[in-house]
Amino acid sequence: MFDFLNSDYDLLGAFWVTVQLTLYSAAGSLVWGTLLAGMRVGPVPLMRGFATAYVNIVRNTPLTVLIVACSLGLNQTLGMALGGKDFKEIGFRLAILGLVAYTGTFVCEALRSGINTVPLGQAEAARALGLGFFQSLVLIVLPQAFRAVVAPLANVLIALTKNTTVAAAISVAEAAALMKEMIENESDALFAVFAVFAFGFVVLTLPVGLLLGWVGRRVAVKR
Amino acid sequence: MSGGSVLYDAPGARAKRRNLLYTALFVVVLALAAWWVLAAMADKQQLTAAKWSPFVTDPAVWSTYLLPGLGETLLAAGLSIVVALPVGMLLGLGRLSDHAWVRVPVGTVVELFRAIPVLLMMVFAAQLYAEFSSLSSDIRPLYAVVTGLVLYNASVMAEIVRAGVLSLPRGQTDAAKAIGMRKGQTTLSVLLPQAVTAMLPVLVSQLVVIVKDTALGGAILGLPELLAQNRTITANYGANTIAAFTVIAVLYILVNFSLTSFAGWLERRLRRARRSAGVVLGTEQGEDIGVANPPGAPTDELRDA
């Protein structure tokens, strides 16, 4: 029943692409989300407006639209290749671009609610010491905010792991694309193929939830 | 801390000048980005009037492609929520059961389906229907998409229902017991009605997630929904890819933004009304809406009550 496992499908390779997509996008969206959150709470009205508009627009756009638009619009129509050399590399980078643009908004919202958990007195004390906006944000508020939002960020990371499957829409050879191919070719092992891929994703997401849940409880600021 | 305004003082003369400088710099950056994009678009003839005007001048674009596409999107999303809601409610109550032989298997199913990407379930359902059913191939994508969405969202709803019931004050159960209600009666006439009210805003925001996920069906399973219209429009109106994507994205954003705003309004209204035990589940979160904990994490702590 599971004899498709030792045939010529590169199961581990496909999941490795999924993992890579997840890691690169996670790093990118953490940076982009933090920037957006910084702009949203900052003193410059135009930046606040931009970040608010960006978050509201992108969060309400389907990820599939973003990623397909990256491929058909940015790449095939406008000819942007993001420095990728072949079809495979370009698709991979475009998928990461779409995932970062989308996931950044969720990171931003999580961080913003984390900033709201930091007591007023912390920022007031920072200001009383003469720290400017940037200093009090980076030195005082954000470190505490990050410690409060480990669990929400873990949720975002898990959602991101699952969202990497959307890259199959632009033919990135990750797990969902391989599953679609396998399920069509090995139609007699339909349930087994689904079970294998489902198991793969449970293995990818479950430890993240458990580990970061534990980390979150450990680092949370006791108030 | 609210809004972040405590992070900086009311701007004085120097801060005003500095803010002005940052604003100017940011305008320059935005303008450069816009100019770069527009130049690239102009270079590939994506800015010509012929590529954009059909969306204003030609009603056929709307009546033949965009509106039927939007209709299909809303149909798939609507069917999914209508089926997922009762299933999710049953699963949610099952997870709260006093009997381990109900609670444990239901819990396993819910956690499992929340951990699997919805796309895998759609692809699986598509193949399942292709092999074991007599559905015609043009209706199959809709069934597959709805099946995938139901499997995933029913388990998310289960968590929402559970969170809703658990968020009610203990006194509600105690009071029901005190007037002699049995377990089933307590759940049906005391806990569930209040839980449903408490979770209404979250349900509406979950609808946004469902609408967004239907786009997967268009991109991968050939469901003729809104995103899939991009292909037919660009084929018929002269490769106006950017224009078509812009219009399609705007339509998605309009639908989802009104749903999000409605959810927010509902939440504020319910919080103000406080007719029941006064519990409302908040809507502000990421993808796994209404779910306090990552799959697998201990689920004793709840979102705001």
Helices (runs of 4 or more DSSP H) completely within the range B:2-93 that count 2 or more residues being at pLDDT below 90 and not hydrophobic (A, V, I, L, M, F, W, C):
B:13-43, B:54-57
Name the helices (runs of 4 or more DSSP H) wholly inside the range A:91-170 in which the number of residues that are in contact with an Asp or Glu (Cβ under 8 Å, 6 or more places away or on another chain) and at the interface with another protein chain (Cβ under 7 Å from one of its Cβ atoms) is 2 or more.
A:150-163
In the range A:39-57, which residues are surrounded by fewer than 21 Cβ atoms within 10 Å (Cβ to Cβ), at the interface with chain B (Cβ under 10 Å from one of its Cβ atoms) and touching a residue at least 40 places away in the same chain (Cβ under 8 Å)?
A:42
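Just to check your reading of the model, which residue among A:104, A:114, A:121, A:132 is more than 21 Å from residue A:15 (Cβ to Cβ), surrounded by 23 or more Cβ atoms within 10 Å (Cβ to Cβ) and not hydrophobic (A, V, I, L, M, F, W, C)? Give the steps one after another, and end with the answer.
Working: A:114 fails: surrounded by 23 or more Cβ atoms within 10 Å (Cβ to Cβ); A:121 fails: surrounded by 23 or more Cβ atoms within 10 Å (Cβ to Cβ); A:132 fails: surrounded by 23 or more Cβ atoms within 10 Å (Cβ to Cβ).
None of the other options fit; the residue is A:104.
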For the range B:193-211, does any single residue satisfy the condition of being more than 19 Å from residue B:262 (Cα to Cα), of a type in the set (Val, Ile, Thr) and touching a residue at least 60 places away in the same chain (Cβ under 8 Å)?
no
Can you find a residue that is closer than 30 Å to residue A:130 by Cβ, within 12 Å of another protein chain (Cβ to nearest Cβ) and surrounded by 14 or more Cβ atoms within 10 Å (Cβ to Cβ) anywhere in the range B:36-59?
no
Out of A:180, A:222, report the one residue that is surrounded by fewer than 17 Cβ atoms within 10 Å (Cβ to Cβ) and of a type in the set (Lys, Arg).
A:222
Reported set for the range B:229-250 where residues are within 19 Å of residue B:213 (Cβ to Cβ) and either touching a Lys or Arg at 6+ places or on another chain (Cβ under 8 Å) or more than 10 Å from chain A (Cβ to nearest Cβ) (or both) is B:229
Residue selected from the range B:105-147 under the condition touching a Phe, Trp or Tyr at 6+ places or on another chain (Cβ under 9 Å) and aromatic (Phe, Trp, Tyr), by the criterion farthest from residue B:209 (Cα to Cα)
B:129
Number of positions in the range B:128-150 that are buried (at least 23 other Cβ atoms within 10 Å of the Cβ) and of a type outside the set (Val, Ile, Thr)
4
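The values are calculated or read from the model by the stated rules, or taken from the named source; none is laboratory data. Note that the structure is a prediction, hence the values are computed from the model and not measured. Quick reminder, even Gly has a Cβ in these numbers, built from the backbone with ideal geometry, and neighbours come from all protein chains shown.
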